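Working notes, structure below.
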């Protein structure tokens, strides 16, 4: 199982406007949750919100997959994943502002984050999370996009908007270093006189 590559995942999101479609699924799923459950603020179990938002988002992702021959919906272990172009596996996750999953680190979650092993019967797939980040009070959506981690360590992120994957900041070339001539070796005054005498003698 390879470590997820940002440029490769970004290209897959750009193809067939998948990034914009994934963003739509998240934003519309969140909107449906807010409009359909006005009583959510009095729920005693806060995780109920996550479960319903997940269902609303996944419902829309399945519809998107139905129109894209290169997206395969995989149901397993009480969840689903999207395998895109037989290369990248996406899982929908609620995350905090650090873009690490907000769920308890179960054995399944730890396996997903360990790219030295293959999962779910697939070999060689890159695994990433399609994340949505709500605010503290679950009233607004702060961010949506793709995040990659490796054994609990953050690797990279790709923000999504209505136009797709937001362009990555340009990687500026490193500034050229100016040579510090003060550190170059210098001839001692006596050495210059000695060289002059040798030239005259020759």
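Evaluated at q = 0.16 Å⁻¹, a Debye calculation over the C-alpha positions of segment 28-138 (equal weights, vacuum) places log10 I(q)/I(0) at -0.81. Computed from the C-beta positions of residue 66 and residue 163, the FRET efficiency with R₀ = 25 Å rounds to 0.65.
Beta-bridge orientation, segment 6-165: approximately 75 percent antiparallel, per DSSP, counting only bridges with both partners inside.
Panel order for 156, 43, by other beta carbons found within 10 Å of each beta carbon, from fewest to most: 43, 156. Length available on full extension from residue 37 to residue 14: 0.36 nm per residue minus the Cα-Cα distance, which gives 5.0 nm.
Any read-out appearing in this document is the output of simple, stated calculations on the displayed coordinates, not a laboratory observation. Predicted model, so just to flag it, every value in this text is computed and none were measured. We place every Cβ from the backbone using ideal geometry, glycine too, and count neighbours over all the protein chains shown.
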